[in-house]
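Heads up, the thing below is written out as structure tokens.
The values are calculated or read from the model by the stated rules, or taken from the named source; none is laboratory data. Keep in mind the model is a prediction, meaning the values are calculated, not measured. No Cβ is skipped: glycine too gets one built from the backbone with ideal geometry, and neighbour counts run over all protein chains shown. Only protein heavy atoms, including side chains, enter the accessible area calculation; ligands, DNA and RNA are left aside. Shrake-Rupley method; radii C 1.70, N 1.55, O 1.52, S 1.80 Å.
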Amino acid sequence: MEKLTMLDYVKETPGVLRKNIEQYETLLEPLMKEVQGKEIKRILLVASGSSHNACYCARSFVEKVSGLEVRIITPYTFTYYENDIRETDLVLVVTQSGLSTNAIEALKIIKKKQYRAICLTGNKNSDVKDYADAVIEYGVGEELVGYVTKGVSTLALFLDLFAVVYSGKVEYLEELRKAADLNEEMIDKATDFIQLHYKNLSSMSWVYSCGAGSNYGTALESALKMGETIHIPSCCYEIEEYIHGPNLQLTPKYNVIFFDGNDVASHRVEQVYKATRKVSERAYLISNNPGLADDDHVLSLSGTVSSELSPIVYLPFVQLLSFIISNDLHSIYQHPLLKEFKAIAAAKTENFVNYDGDD
């Protein structure tokens, strides 16, 4: 049987998103039982890697719809430095694999403080079941490849759906359906866009990813995915912070990807993108700005959703770029000394299986 790839899971994602939206009440039931009768003022999301980025992708929508404050923190920082929990907090530890050692340590801290340890995961039968009071699957299904794609989009959607159910504002479901449809459209458009700019994109030596609002999460995931697959220096910046220092490194060799929320800030994104193009022809923008419709460095779709939901639409571009370039360049293979690194400082439990065979 042929092994599945990142591409296979990217293509599966729109269907899974649609299914989860239609079955949202069943999907959210376990988490809603946890919050029943509880006064909540803040959601504390404890997550790392792509799960951390997915939380940032969902944060703006969750705050807007639910009216709750959302704080995102890494398990390491939570475990060692910032773990004050309030009675009105809903604390959710996230690990798609259920095998992340840092997530397990965070769950231990929560239980030590005598709060309910709730874990969101892609596999409720994984190791986290031995450390959590409640293990809740967020609807990703199986995703064996370590460079997760489907898990990022489905986690963001799960958190969005929680906001809808918690607030009772089911009118947002239609826009979530539209985001799933545009996610599928992005797969085709992004593939063509990458091929159009293949010479530059396949010769990247370093890359900046820039976004703001909910798309700060998109930019975070863009930077992570390209760094871990293409194996090049890959940094994330908020749009305006990019021009407060990082831009001073620019040369015509630099690659910069901008994510536009198609909102009140779009004019500023356009300015920063155009300024970057004056230095480098390796600048690209994901946007539906009609004023840039004739620019072949701008990827546009047939429609838009609110800026808070645009990460669900944009994520396939990030994922496909990472897969196509790393697959063609065979760049995912790790340096042999990484085995010694992992022997000293492991990120996964001993039950982790490296499906990718990249070490």
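Key figures
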quantity: Under 5 Å, built H, 5+ apart or other chain: amide partners of VAL70; calculated: ILE43
quantity: The range 296-343 versus the range 210-278: alpha-carbon centroid distance in Å; calculated: 14 Å
quantity: Structure-derived percent of Cα pairs over 41 Å apart - corresponding label in [x] 15; [y] 9; [z] 23; calculated: [y]
quantity: In degrees, nearest ten, helix 266-277 long axis to first principal axis of the chain (Cα); calculated: 50 degrees
quantity: The chain, dipole about Cα centre (Lys/Arg Cβ +1, Asp/Glu Cβ -1), debye to the nearest 20; calculated: 700 debye
quantity: Extension gain from LYS169 to HIS267, taking 0.36 nm per residue of separation minus the Cα-Cα distance; calculated: 32.2 nm
quantity: Cut-off under 5 Å, modelled amide H: who pairs with GLU137 long-range; calculated: THR121
quantity: For TYR24, solvent-accessible area (1.4 Å; no DNA, RNA or ligand), Å²; calculated: 40 Å²
quantity: Global form of the range 258-324, assessed from the alpha-carbon gyration tensor, a/c cut-off 1.5; calculated: oblate
quantity: Whole-Hz couplings from phi, Karplus 6.51/-1.76/1.60, listed for the range 328-339; x for Gly and Pro; calculated: 5, 8, 6, 8, 6, 5, 8, 5, x, 6, 4, 4
quantity: Local electrostatic count at GLU175 - Lys and Arg +1, Asp and Glu -1, tallied over other residues with Cβ under 12 Å; calculated: -1
quantity: 3J(HN,Hα) from dihedral phi, the range 29-36, Karplus parametrisation 6.51/-1.76/1.60, rounded to Hz, x for glycine, proline; calculated: 3, x, 6, 5, 5, 5, 9, 4
quantity: Accessible surface of the range 125-235, 1.4 Å probe, proportion on carbon and sulfur as whole %; calculated: 50 percent
quantity: The range 76-133 - charge dipole about Cα centre, Lys and Arg +1 at Cβ, Asp and Glu -1, debye rounded to 20; calculated: 160 debye
quantity: ARG18 accessible area, assembled protein chains, probe 1.4 Å, Å²; calculated: 80 Å²
quantity: Burial order of peptide ranges 153-161, 235-243 (average beta-carbon count within 10 Å, highest first); calculated: 153-161, 235-243
quantity: Cβ-defined net charge surrounding LEU31, 14 Å radius [Lys, Arg +1; Asp, Glu -1]; calculated: -2
quantity: Distance from the range 152-205 to the range 17-67 (C-alpha centre basis), Å; calculated: 17 Å
quantity: Local net charge near VAL256, Cβ-Cβ under 10 Å (Lys/Arg +1, Asp/Glu -1); calculated: +2
quantity: Calculated from backbone phi, Karplus (6.51, -1.76, 1.60) coupling profile of the range 351-356 in Hz, x at Gly/Pro; calculated: 7, 5, 10, 7, 5, 6
quantity: Extension gain, LYS3 back to GLU39 (0.36 nm per residue minus Cα-Cα distance, nm); calculated: 8.4 nm
quantity: Cα-centre dipole for the range 78-219 with unit charges at Cβ (Lys and Arg positive, Asp and Glu negative), debye to 20; calculated: 400 debye
